[in-house]
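Asks: The structure's right below; bear with me while I get my questions together.
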């Protein structure tokens, strides 16, 4: 071991030997450490820690057990055959797992997009018909096209404009709409269409016609699911309840008691084809608003979920690559006879709770779904439709997040009413229209934050430094100099506030001002309207014999001043790098000014 062999280990020392051995073990315990990891089609899977392989497979089986009854229930919302729910966990999930960037986001059927689909197609076809299913495929392809445009234009940031407040209200409204729509199925009575209010009214009218056996089955489903969840969240409660209801439908002959059964469910792989309406311009034009509403929900919900889990595990996230994965997943949905898919917060949490940390869990779940489609669809013929209605009813109730609404009310009362209006619009008007309102309301909330700016004055703290106080009385930082801090970007909605506040402060200030300084540290943009307001401000304030100066402008804002001619108007000498520089120059220019007593 002396000589050359010794030197074969790094620096030739025992530490070098141990470092080499350790590095070898680390490399051999992770798959995809080399070139494969750099391939974009496997970013959600590689690198894979081989020691976690068992956990990933277990999480995938758990996801399949929990998600299969859920997505079957979503077909009750979307109006498509029950097998299409299983299809959403097959090709679309695999495509996102291979081509998406997020290691955690689970893509599949979603209640919100399913509800939008049903609302958009309500007047175009009969639910469950071949034409309805074909139009659902067209919508998936249209959503994919919009996701492609978003990727090419790098519009992932649009997800940020659907505020959390509005999203909570929207999902609460969807929850009420979904739960109300399943009450007739749980009671075995005729249902009504339209808004949530119309559906509840139909239940009240026909309540006396409820089938006792159907009501008993629905009640038993609720007891099993809710009871199992109280025991442990890891128990696949919906799957157990569905399996029990299938056994009851077969063994007890529930059909003879007036309980409606699902009937034959086709097995095997989905057929790959392009929906014929894809090439009909009139259909595309009619479906465009619905597809856009779906696109917005996909963008906002998927981005919010993937970002949350990436932050939790301190991972880098590529939003643009996720858009590619979501686009391909929806192309897969449109071509394999199912409906639009979305990033699902609930399914993502299922995988995380079961120990999954990569898309290998999702690939495992897809394999389980494949086995069900090939070998286990025959028993589904005995599944009571009331069982699926109960599963979907519980999903709808879970979307009604009263805790989040209460927190919004306590923390931001104004935003609570925004959430409530959004929820009420879903229930009264419909899901498709409400998503457009949600976008408008989000922009209103965003504009309001910039419109109602709480600006500050910087004043002496009596110890040789300064502090902030609200713009109420015109206090000077030193006699003759007022320091005003604008706390937001300057744009058309708040430019008048700058003009009015500065004018009032100059007029009411005592002793009379010599300089008025605008601290622009918080200003990241100055639009055309704001530039006009600054020009007008210059004329009025400097007409009073007060010089306007600026400090802490970031470089690109200074460039905007240059382009707008504001630098020339105020003069190069009016721009300072810091508050301290303004104070120093003011004291040098006006040495006779006494300091304000503390």
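Every number in this text was worked out from the coordinates using simple rules, so none of it is lab data. None of the values given here were measured: they were computed from a predicted structure. Cβ placement follows ideal geometry from the backbone for every residue including glycine, while neighbour counts extend to all protein chains displayed.
Asks: Viscosity 1.306 mPa s, temperature 10 °C: give me the Stokes-Einstein translational D for segment 456-589 in µm²/s, with Rh taken as the Kirkwood radius over C-alpha pairs.
Replies: 107
Asks: Return one number: the angle in degrees, 0 to 90 and rounded to the nearest 10, between the long axis of the Cα atoms of helix 495-508 and the longest principal axis of the Cα atoms of the chain.
Replies: Approximately 30 degrees, to the nearest ten.
Asks: Tell me the Kirkwood hydrodynamic radius of the chain in angstroms, computed as one over the mean inverse distance between distinct C-alpha pairs.
Replies: Evaluated on the chain, it is 28.0 Å.
Asks: Another question about this same structure. When Rg is the radius of gyration of the Cα atoms in segment 275-336 and Rh is its Kirkwood radius, what does Rg/Rh come to?
Replies: 1.10
Asks: Oh, and also: Give me 508, 398 sorted ascending by neighbouring Cβ count inside 10 Å, so fewest comes first.
Replies: 508, 398
Asks: What whole-number distance in Å separates the alpha-carbon centres of segment 43-65 and segment 522-596?
Replies: 58
Asks: Given Cα pairs under 8 Å that are at least 6 residues apart, what percent is the relative contact order of the chain?
Replies: Over the chain, the number comes to 21 percent.
Asks: Would you compute the Debye intensity of segment 212-332 from its alpha-carbon atoms alone, equal scatterers and no solvent, and pass along log10 I(q)/I(0) at q = 0.10, 0.16, 0.19, 0.22 Å⁻¹ to two decimals?
Replies: Treating every Cα as an identical point scatterer, log10 I(q)/I(0) equals -0.67, -1.02, -1.02, -1.12.
Asks: Using the count of nearby Cβ atoms within 10 Å as a rough guide to exposure, how do 551, 517 rank from fewest to most?
Replies: Fewest to most other Cβ atoms nearby, the residues stand as 551, 517.
Asks: If you rank 197, 45 by fewest surrounding Cβ atoms within 10 Å, what's the result?
Replies: Details: 197 16, 45 22.
Going from sparsest to densest Cβ surroundings: 197, 45.
Asks: If you count, for each residue, the other Cβ atoms within 10 Å and average over each peptide, how do 76-88, 463-475 line up from highest to lowest?
Replies: My ranking of the peptides, most packed first, is 76-88, 463-475.
Asks: Could you work out the helix-only [θ] at 222 nm for the chain, with each DSSP H run of four or more residues adding -39,500 (n - 2.57) and the total divided by the number of residues, to the nearest 500 deg cm²/dmol? Could the numbers behind the result be given before it?
Replies: Working: 24 runs with 356 residues, N = 598.
The per-residue figure over the chain is -19500 deg cm²/dmol.
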